[in-house]
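**Q** Quick one: the structure is below, questions incoming.
The values are calculated or read from the model by the stated rules, or taken from the named source; none is laboratory data. Keep in mind that this is a model prediction, so the values were computed, not measured. When we count neighbours, we look across all protein chains shown, and the Cβ atoms used for this are built from the backbone with ideal geometry, even at glycine. To get the accessible areas, we keep the full protein, side chains included, count just its heavy atoms, and leave off ligands, DNA and RNA. Shrake-Rupley method; radii C 1.70, N 1.55, O 1.52, S 1.80 Å.
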Protein chains: 2
Amino acid sequence: MPNNQFKKGELYSFITGKASIAIARRLQKKFNAAGLNLTIEQWSVLYHLWKEDGKSQQDLCNATFRDKPSITRLVDNLEKLQLVKRVASESDRRINKIFLTKQGLKLQEQTMQLAEETLNDALEGVPPDQINLCKAVLQSVYDNLK
Amino acid sequence: MPNNQFKKGELYSFITGKASIAIARRLQKKFNAAGLNLTIEQWSVLYHLWKEDGKSQQDLCNATFRDKPSITRLVDNLEKLQLVKRVASESDRRINKIFLTKQGLKLQEQTMQLAEETLNDALEGVPPDQINLCKAVLQSVYDNLK
DNA sequence: GGCATATAGTTAGTTAAACAACTATTCAAA
DNA sequence: TTTGAATAGTTGTTTAACTAACTATATGCC
């Protein structure tokens with residue numbers, strides 16, 4: 001791939017991901033406005049537990065694209081908020097399985113609604129086929145680098 | 001715009017921006033491998049000063065999409081590394097203008113080369129027209145939310 | 001069984017982001 | 001001209017990311 005594909009002035013926004021930062025900020029604002037005491041990072045962990053409860057911390061590392069210390073601390077804080085609970089695995093005592101509490105389960109509907117609203121705000125006026133192509137490009141980038 | 005445009009399972013990667021995180025991590029690794037003691041965030045400030053030296057901290061906030069305390073601290077750290085220097089404006093004493101040092105100027109060529117390499121890694125196999133469309137979509141997202 | 005290695009998770013230290021509260025300077029309007 | 005609002009920047013606090021070093025458990029090979 002030729003080096004001259006990018007004008008220098010275009011490098012910045014691709015690397016810094018301004019679009020995804022803007023989406024995350026908007027969602028955080030909606031959480032705050034709704035009186036939810038929850039960070040986007042905490043929400044991203046809950047998101048994967050709503051899909052499948054009882055994931056290990058390592059599973060959550062893979063799912064959220066974070067390293068182990070990050071997940072340790074996110075789970076610490078989610079436990080403090082009483083949204084999840086660590087349970088040591090019976091079969092392999094190295095593993096913590098993370099389970100949602102009732103309060104953790106209760107947040108799903110409201111926060112997913114706010115997340116969908118946020119994406120609808122973000123993608124207003126963008127044709128669906130362009131959205132799909134953009135997602136495919138971003139997936140290729142991820143696959144190329146991971 | 002209809003709410004059902006997204007399957008729930010697709011929300012996550014759009015919000016978390018895994019692609020741009022992967023790009024930033026790859027670039028950071030290249031910096032480290034080259035023995036450069038520089039974070040991506042610090043580099044992003046230098047990037048805008050290479051385009052136009054002497055920007056104010058507020059200019060850098062706008063350019064880098066960061067808030068004022070973030071820029072204060074990034075400039076603090078860049079000053080410690082002796083890559084930039086704060087100079088109080090003559091005409092408006094509230095304003096700090098930020099100027100590159102010789103060492104700061106010297107980093108441009110090498111780091112921009114590494115940034116281009118990173119983007120070439122990231123976009124390998126993605127046709128240019130798809131890249132352009134993807135960039136346009138991300139710009140729309142940014143414009144919709146900012 | 002015992003030892004090396006791999007895996008799961010934690011802790012410590014530095015950098016950065018978001019928010020609120022703050023100081024200092026400028027500007028504009030009464 | 002003084003007072004009140006706006007602007008530029010700083011500081012304090014909490015949360016999070018990354019790296020490195022660490023503990024504990026499991027696995028596999030002799």
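**Q** Being out of contact with any Phe, Trp or Tyr (no Cβ under 9 Å at 6 or more places or on another chain) and not aliphatic (A, V, I, L, M) is true for just one of B:116, B:124. Which residue is that?
**A** Details: B:116 fails: out of contact with any Phe, Trp or Tyr (no Cβ under 9 Å at 6 or more places or on another chain).
Exactly one residue qualifies, and that residue is B:124.
**Q** Among the residues of the range B:47-69, how many are crowded, with 17+ Cβ neighbours inside 10 Å, within 12 Å of another protein chain (Cβ to nearest Cβ) and within 11 Å of DNA strand C (Cβ to nearest atom)?
**A** 3
**Q** Of all residues in the range A:29-44 being within 11 Å of chain B (Cβ to nearest Cβ) and within 12 Å of DNA strand C (Cβ to nearest atom), which is most open to solvent (accessible area, probe 1.4 Å)?
**A** The selected residue is A:29.
**Q** Please go through the range B:72-89 and pick out each residue that is within 9 Å of DNA strand D (Cβ to nearest atom) and within 14 Å of another protein chain (Cβ to nearest Cβ).
**A** Scanning the range B:72-89 gives no hits.
**Q** A further question on this structure: Tally up the residues in the range A:113-146 that are facing chain B (nearest Cβ under 7 Å), in contact (Cβ under 8 Å) with a residue 40 or more places away in the chain and of a type in the set (A, V, I, L, M), please.
**A** Total satisfying the criteria: 3.
**Q** Look through the range A:1-31, keep the residues that are of a type in the set (A, V, I, L, M, F, W, C) and more than 23 Å from the chain's Cα centre (by Cα), and return whichever of them is modelled with the lowest pLDDT.
**A** Result: A:1.
**Q** Looking only at the range B:94-146, which residues are of a type in the set (S, T, N, Q) and either part of a helix (DSSP H, G or I) or under 29 Å from residue A:26 (Cα atoms) (or both)?
**A** B:103, B:108, B:110, B:111, B:113, B:118, B:120, B:130, B:132, B:139, B:140, B:144
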